[in-house]
1. Please specify each residue of region 7-16 satisfying the condition of being modelled with pLDDT under 95, under 28 Å from LEU66 (Cβ atoms) and of a type in the set (A, V, I, L, M, F, W, C).
2. Output the residues belonging to region 89-102 that are assigned to a strand (DSSP E or B) and free of Cβ contacts under 8 Å to residues at least 12 places away in the same chain.
3. Could you please find all residues in region 5-24 being among the hydroxyl-bearing types (Ser, Thr, Tyr) and surrounded by 13 or more Cβ atoms within 10 Å (Cβ to Cβ)?
4. Kindly indicate whether VAL32 is of a type in the set (A, V, I, L, M), assigned to a strand (DSSP E or B) and out of contact with any Cys (no Cβ under 6 Å at 6 or more places or on another chain).
5. Is there a residue in region 115-124 that is surrounded by 12 or more Cβ atoms within 10 Å (Cβ to Cβ) and hydroxyl-bearing (Ser, Thr, Tyr)?
6. Looking only at strands (runs of 3 or more DSSP E) that lie completely in region 47-88, which have at least 2 residues being within 12 Å of the chain's Cα centre (by Cα)?
7. If you check THR76, THR27, which single one turns out to be over 17 Å from ASP145 (Cα atoms) and surrounded by fewer than 17 Cβ atoms within 10 Å (Cβ to Cβ)?
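The values are calculated or read from the model by the stated rules, or taken from the named source; none is laboratory data. Given the structure is predicted, the values throughout are model-derived calculations rather than measurements. Note that we place each Cβ from the backbone using ideal geometry, even for glycine, and neighbour counts take in every protein chain shown.
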Amino acid sequence: MSVMEIIETSQFLTFKLDQESYALDITQVREVLDFAEITKVPRMPEYMRGVINLRGGVVPVVDLRLKFGMTRTEKTVNTCVIIIILNIEGESILLGALADSVQEVITMEPDQIVPPPKIGTRLNTEFIKGMGKKNDEFIIIIDIDKVFSLDEVAVYQSHEDGQALKDGRIVK
């Protein structure tokens, strides 16, 4: 969904990475958790911090700061895990995303959202739905489904021991 497709009032969960404000479509947010113990998984990309136990299911956790080229997320009193529902090629996949803090759920009208800036051809801004504006502050609205490629999601879903992460659960 691009900014051109945002034709009705939408709600977004806002959160911070470093000092910047970001937003996710609220329909893709399942819940927000306090930062919990993350179990490291060998041979994963650096931004893949590991997995957490979510009511008996296994959910991979990524560090969005690392994915976006920032420094690693450090645990603070405000650090949290946003449980997101990715929709990749018709499949729903649970993924945890580390955020420095969650701010609030906001409502934005289509006229409050502008297309992402064109920053030349070398920078991929395909994952940015648009730039929201609230109280003279810009909020980067991300299309979380485009942040991760299908190949990356496949890495999260498979293990060398023949088990796979499917819908947040290990299956054989």
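1. Of everything in region 7-16, nothing turns out to be modelled with pLDDT under 95, under 28 Å from LEU66 (Cβ atoms) and of a type in the set (A, V, I, L, M, F, W, C).
2. Pass one, region 89-102, residues assigned to a strand (DSSP E or B): 91-99, 101-102.
Scanning region 89-102 gives a single hit, GLU91.
3. Quick first cut of region 5-24, residues among the hydroxyl-bearing types (Ser, Thr, Tyr) only: 9-10, 14, 21-22.
Passing the criteria: SER10, THR14, SER21, TYR22.
4. Details: of a type in the set (A, V, I, L, M): yes; assigned to a strand (DSSP E or B): yes; out of contact with any Cys (no Cβ under 6 Å at 6 or more places or on another chain): no.
No; evaluated as a whole, the condition is false for this residue.
5. No, because not a single residue in region 115-124 is surrounded by 12 or more Cβ atoms within 10 Å (Cβ to Cβ) and hydroxyl-bearing (Ser, Thr, Tyr).
6. Working: elements: 48-54, 57-63, 80-88.
Where strands (runs of 3 or more DSSP E) fall fully within region 47-88 and carry at least 2 residues being within 12 Å of the chain's Cα centre (by Cα), they are 57-63, 80-88.
7. Details: THR27 fails: over 17 Å from ASP145 (Cα atoms).
Step by step, each of THR76, THR27 is checked, and only THR76 is over 17 Å from ASP145 (Cα atoms) and surrounded by fewer than 17 Cβ atoms within 10 Å (Cβ to Cβ).
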